[in-house]
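First, the structure itself, so that you have it in front of you.
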Amino acid sequence: MAVPFFDKQIKVSLKGKLREPASFKLGEQEFTVAEVLEMWHDFGFGKSPLRKPRWWQRRHRTYYRIRTTDGEVYEIYRERGTNLEHPERKKWFLSKKL
């Protein structure tokens, strides 16, 4: 069975001191997060071939594997960008449904 891959930008509301996802909105549909199953960081260079990787070409993502209140499991991530002084560069994406 193929895993549905979205890679769509979403709007996320956060909760708690750790600022974890509380809900996310894809289009007009809203999903409530029941549980954060896993969280990890990705500082890699992706799959693009690079001659000489530079630090500014790295990803700066935080991934979350979450379960929604309807029991579905999704993978979402926050793209932080390289400059933390610009919050507009921090975008959320729905990666896939597991």
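The values are calculated or read from the model by the stated rules, or taken from the named source; none is laboratory data. Nothing here was measured: the structure is a model prediction, and the numbers come from that model. When we count neighbours, we look across all protein chains shown, and the Cβ atoms used for this are built from the backbone with ideal geometry, even at glycine.
Taking the condition modelled with pLDDT of 95 or more and not acidic (Asp, Glu), does Thr69 pass? Please lay out each step first, then the result.
Numbers: modelled with pLDDT of 95 or more: yes; not acidic (Asp, Glu): yes.
It is true that Thr69 is modelled with pLDDT of 95 or more and not acidic (Asp, Glu).
Mind listing whichever residues of region 19-40 are modelled with pLDDT of 85 or more and not hydrophobic (A, V, I, L, M, F, W, C)?
Glu20, Pro21, Ser23, Lys25, Gly27, Glu28, Gln29, Glu30, Thr32, Glu35, Glu38
So the check is Cβ under 9 Å with 6+ separation or different chains; which pairs have a first residue in region 1-25 that's on the phi > 0 side of the Ramachandran plot and surrounded by fewer than 13 Cβ atoms within 10 Å (Cβ to Cβ) and a second one that's at pLDDT 85 or above and not β-branched (Val, Ile, Thr)?
Listed by first residue and then by second, the contacts come to Asp7/Phe93; Asp7/Leu94; Asp7/Ser95; Asp7/Lys96; Gly16/Ala22.
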